[in-house]
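Asker: Below is one structure. I have some questions about it.
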Amino acid sequence: RLTAIALIVLSLWFVTALMSVIGAPHAEVVAWVGETHVTVLLLAMSLALFWHLQLGLQVVIEDYVHTPWLQIALQLAVRTFAALGALLAIVSILKISLGVN
């Protein structure tokens, strides 16, 4: 899947970039997150991560849950929690990036 490839690339960037701010003061890390390219990459990674999570769990539910109503309920639950998780990540990243308390 494309999300898996995107996550490999973004995870490699994230680990490498995070290593450069390990041990840095809080203000420096906040300034790092506030850099436009870092914000964009963090948002892309969050979206790819939650989309990939939703797709993966969808396949598991389709393959292993054979009760129709339970399958629908679980699909709705997975999509809801994935959307809420993505929204939480996006809002958190943007709050740090924009300096909103």
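Asker: Are there any pairs with C-beta distances below 9 angstrom linking a residue in region 83-101 that is under 20 Å from Trp32 (Cα atoms) and in contact (Cβ under 8 Å) with a residue 12 or more places away in the chain to a residue that is among the small types (Gly, Ala, Ser) and assigned to a helix (DSSP H, G or I), with the two at least 6 apart or on different chains, and if so which?
Answerer: Short answer, once both residue conditions are applied: Ala89/Ser46; Ile90/Ser46; Ile93/Ser46; Ile96/Gly34; Ser97/Gly34; Leu98/Gly34; Gly99/Gly34.
Asker: Note down all Cβ pairs under 7 Å where the first residue falls in region 69-80 and is in contact (Cβ under 8 Å) with a residue 12 or more places away in the chain, the second is polar (S, T, N, Q) and in a helix (DSSP H, G or I), and they're at least six residues apart or on different chains.
Answerer: Listed by first residue and then by second, the contacts come to Gln75/Gln58; Val78/Gln54; Val78/Gln58; Arg79/Gln54.
Asker: Just to be sure I understand, how many residues within region 35-53 are open to solvent by 40 Å² or more (accessible area, probe 1.4 Å) and touching a residue at least 40 places away in the same chain (Cβ under 8 Å)?
Answerer: Qualifying residue count for the region: 4.
Asker: Surrounded by 16 or more Cβ atoms within 10 Å (Cβ to Cβ) and over 23 Å from Leu84 (Cβ atoms), is that true of Trp32?
Answerer: Yes: the conditions hold for Trp32.
The values are calculated or read from the model by the stated rules, or taken from the named source; none is laboratory data. Being a predicted model, the structure only gives us computed values, none of them experimental. Glycine also receives a Cβ, built like all others from the backbone with ideal geometry; neighbour counts cover every protein chain displayed. We work out accessible area using only protein heavy atoms, side chains counted, and drop any ligands, DNA or RNA first. Shrake-Rupley method; radii C 1.70, N 1.55, O 1.52, S 1.80 Å.
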